[in-house]
Amino acid sequence: MPLPDFLAYGELIYSLPETYPTIQYSTLVLATIGPTLAKLEGQVTFEGDVVLDVWELLDFDARRILHYSYEVYRAGEKILWYDPFEHPHMPELASTYPHHKHVLPDIKHNRVPAAGISFEQPNLPFLIQEIKRDLLSR
């Protein structure tokens, strides 16, 4: 699904708790910051004390996410994060360049490809499904 317009993206964001029953609550706020730019900020809280911290900079004229940061915490400890910072010297990340995920152990330096993350489509449905599959089903 390509990145929709501002209103449709807002509908997607604000309906997440109804769409995904594993979400306990969401503080996500989508706000305009210019004629075509917006930011999405907040947290999505799941059962099991799992929290997804979200920040996106969006260009709805270009229908692109310009930048993002997604961090996942369990019981207050950061257990993984996604970012698009470029690491061209790491061929193991080339398949999803520049998107990658930092994982334990050594979360700062342990990076893996982030299949499913993109600048061209909403990432939250994928992230929520991944959290549900990998963190909540244990």
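The values are calculated or read from the model by the stated rules, or taken from the named source; none is laboratory data. None of these values were measured; they are calculated from a predicted model. FYI the Cβ positions are ideal-geometry reconstructions off the backbone, even for glycines, and counts take in every protein chain you see. Accessible surface areas use protein heavy atoms only, side chains included; no ligands, DNA or RNA. Shrake-Rupley method; radii C 1.70, N 1.55, O 1.52, S 1.80 Å.
Heavy-atom accessible surface of the chain, averaged per residue, reaches 53 Å², computed with a 1.4 Å probe. Here the gap between SER95 and ASN110, fully extended at 0.36 nm per residue and compared with their Cα-Cα distance, gives a gain of 3.8 nm. Annotation for segment 78-100 versus segment 102-138: alpha-carbon center distance of 11 Å. A compact globular protein would have a Cα radius of gyration near 2.2 N^0.38 Å; the ratio found for segment 36-105 is 1.27. Taking N as the residue count of segment 71-138, its C-alpha radius of gyration divided by 2.2 N^0.38 Å amounts to 1.12. Here the simple spin-label model places points 7 Å from the Cα toward Cβ, and for VAL103 and ALA31 these points are separated by 3.5 nm. Residues whose amide H comes within less than 5 Å of that of HIS67, counting only those at least five positions distant or on another chain, are LEU57 (H built at 1.01 Å from N in the peptide plane).
Relative to the compact-globule estimate of 2.2 N^0.38 Å, the Cα radius of gyration of the chain comes out at 1.04.
Only Cα pairs under 8 Å and 6+ residues apart enter the sum, and on that basis the relative contact order of the chain stands at 17 percent.
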